[in-house]
Amino acid sequence: MTTTLREESVGAGESAAAGPRVGVLALQGDFREHALVLASLGAEVSLVRRPEELEAVDGLVIPGGESSVIDKLSRTFGLAEPLRAAIAGGLPVYGTCAGLIMLADRVLDGIAGQETLGGLDVVVRRNAFGSQNQSFETELEVPALGATPVRAVFIRGPVVESVGAAATPLARLDDGRVVAVEQGNLLGTSFHPEITGEHRFHEYFLSKVRARR
Amino acid sequence: MTVPETGSSRVKRGLAEMLKGGVIMDVVTPEQARIAEDAGAVAVMALERVPADIRSQGGVARMSDPDLIDAIIAEVSIPVMAKARIGHFVEAQVLQALDVDYIDESEVLSPADYVNHIDKWSFNTPFVCGATNLGEALRRINEGAAMIRSKGEAGTGDVSEATKHIRKISSEINQLKSMTRDELYVAAKELQAPYELVLEVAETGKLPVVLFVAGGVATPADAAMMMQLGADGVFVGSGIFKSGNPEARAAAVVKATTFYDDPSVIADVSRGLGEAMVGINVADLAAPHRLAERGW
């Protein structure tokens with residue numbers, strides 16, 4: 001029922017010229033929640049469903065959603081290869097939950113034939129916590145974002161099962177499992193800052209976008 | 001660190017947020033569930049009979065056999081939903097014990113209680129409920145529903161009721177947005193909904209939970225129309241597996257839901273799908289056979 005974000009571009013007010021142009025992959029999932037957070041932080045936000053829309057952005061968010069669906073649609077509509085090329089070319093990309101799966105070099109427990117875009121030198125396990133009854137929220141220490149813990153919501157989320165040499169863990173659960181990683185201009189979280197009012201991950205991501213522009 | 005908290009409103013409503021822009025498909029066998037997942041469904045609804053068959057076979061429609069639900073959960077990795085009868089809190093307890101991802105308190109099954117709906121706050125598993133108008137949606141949210149689907153008229157392949165319900169809900173939300181605070185008290189009374197929820201809708205201009213459309217969606221164009229009318233996503237019940245080519249139709253509805261505002265994509269995906277489900281015009285249904293009137 002969110003009608004206010006149906007336009008292709010949001011946050012494109014008079015002051016938007018100064019903001020970085022950030023796309024949100026809008027094939028499926030909670031892309032509008034990301035768009036709202038990014039717009040509130042001063043970004044010029046657009047929804048990306050086509051290769052030409054990808055060319056017009058300085059950074060990209062891959063939202064939460066169903067990773068098998070986002071994978072399938074990105075291949076069907078010719079976005080997967082341009083996305084891989086953009087990632088290889090250094091485009092800053094932030095993925096939450098399904099987005100983290102898309103950014104991982106390898107996924108375990110995917111559906112038959114599921115592919116990822118890759119870029120993050122990690123192996124992720126899809127639905128690592130089980131069914132929705134095991135979905136949860138918790139406080140998470142994220143030293144890179146300061147001393148105040150992050151309220152993190154995990155919804156049938158993945159975990160990073162192994163972190164390669166090129167990637168850096170940013171946060172772990174009490175049991176040691178990695179749930180946030182970065183590698184150069186790529187950032188991934190198992191959880192969903194976009195639905196909790198937590199803006200520090202998006203700010204952190206926008207600083208990568210601004211630094212590259 | 002704090003103890004992880006399951007079953008919070010944010011966690012329950014959050015799963016629905018992740019399903020947005022997607023298609024949830026009714027399936028009656030693990031094989032159909034596999035087809036749905038391969039076609040790009042975001043979730044499946046595990047049922048013994050699709051609404052079209054419930055309609056034609058008659059009798060009391062109840063929760064599905066746990067063996068069937070288990071088999072479908074084992075087959076796919078996307079979320080699995082299942083239906084409990086309106087007011088049948090024990091069926092809902094069983095579905096929670098079976099570890100389904102969402103419980104649909106559904107008018108498609110025969111109601112078990114003609115007065116009370118289930119107290120959905122007392123469950124860890126989230127609920128989706130049907131609604132034909134804003135007041136009904138807010139009453140369900142007040143009882144703990146974490147997602148709303150407009151009812152439409154299930155099992156008909158006639159999308160007109162779905163259109164009516166989504167338009168009704170949208171127009172009632174728009175009316176609230178233009179009201180002053182003193183008018184909202186009366187609006188709450190007329191909607192028969194809690195004032196706090198009415199105020200929240202008036203201030204935010206949307207429901208506090210995700211709104212999908214259901215009931216009678218049978219073609220890619222039907223799905224895209226519901227999205228253009230403001231739905232967050234669509235349920236397709238009988239429309240896929242009662243059609244001539246379920247694999248192709250399921251994939252086409254998924255694509256049309258993503259590119260709901262691009263007629264050239266909708267045209268492309270609508271080609272060569274074979275027979276759509278044989279429909280029943282809602283106008284030809286006698287009132288006692290209209291499922292949307294169940295629930296209040």
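Every number here is computed from the coordinates shown, using simple stated rules; none is lab data. Note that the structure is a prediction, hence the values are computed from the model and not measured. Reconstructed Cβ throughout: ideal geometry from the backbone, glycine too, with neighbour counts over all protein chains shown.
Would you please give the FRET efficiency between A:ALA147 and B:GLN228, computed as 1/(1 + (r/R0)^6) with r the Cβ-Cβ distance and R0 = 41 Å, to the nearest 0.05?
So, using R0 = 41 Å, E works out to roughly 0.30.
When ranked by the protection proxy of mean other Cβ atoms within 10 Å per residue, highest first, what sequence do the peptides A:66-75, B:173-182 form?
Ranking the peptides A:66-75, B:173-182 by packing returns A:66-75, B:173-182.
Rounded to whole Hz and in sequence order, give me ³J(HN,Hα) for segment B:4-20 from the Karplus expression 6.51 cos²θ - 1.76 cosθ + 1.60, θ = phi - 60°, writing x for Gly and Pro.
x, 10, 9, x, 6, 4, 5, 5, 5, 5, x, 4, 4, 4, 6, 8, 4
Helix-only estimate, please: 222 nm mean residue ellipticity of chain B, summing -39500 (n - 2.57) across DSSP H runs of length 4 or more and dividing by its residues, to the nearest 500.
When only DSSP H runs of four or more count, the value is -13000 deg cm²/dmol.
Using a 10 Å cut-off around each Cβ of peptide B:30-42, what is the average number of partner chain Cβ atoms that fall inside?
3
Can you list the lysines whose alpha carbon sits under 19 Å from that of B:LYS12, skipping same-chain ones fewer than 8 residues off?
Cα-Cα hits under 19 Å: B:LYS20, B:LYS83, B:LYS120, B:LYS206.
Starting with the highest mean, order A:136-147, B:105-116, B:15-26 by the number of other Cβ atoms within 10 Å, averaged over the residues of each peptide.
B:15-26, B:105-116, A:136-147
Provide the convex hull volume over Cα atoms per residue for chain B, in Å³.
Enclosed volume per residue, from the Cα hull, is 138 Å³.
Hey, got the average number of other protein chain Cβ atoms within 10 angstrom for residues in B:71-81?
Going residue by residue through B:71-81 and averaging, the value is 3.
What do you get for Rg/Rh of segment B:99-160 when both radii come from the Cα atoms and Rh is the Kirkwood radius?
Answer for segment B:99-160: 0.97.
Alpha carbon centre of segment B:133-184 versus segment B:251-296: separation in Å?
So the two Cα centres are separated by 19 Å.
Report relative contact order for chain A in percent, whole number only (criteria: Cα-Cα under 8 Å, sequence separation at least 6).
The value is 17 percent.
May I have the pair-distance distribution P(r) for chain A, computed from all Cα-Cα distances with 5 Å bins from 0 and rounded to whole percent?
1, 8, 17, 21, 22, 17, 10, 4, 1, 0
Based on the Kirkwood radius over alpha-carbon pairs, what value in µm²/s does the Stokes-Einstein equation return for the translational diffusion coefficient of the protein assembly as shown at 10 °C and 1.306 mPa s?
Result for D is 69 µm²/s.
Counting DSSP beta bridges in segment A:9-212, what percent are antiparallel, to the nearest 5?
50
Give the Rg/Rh ratio for segment B:1-75, taking Rg as the radius of gyration of the Cα atoms and Rh as the Kirkwood radius, to two decimals.
That ratio is 1.08, to two decimals.
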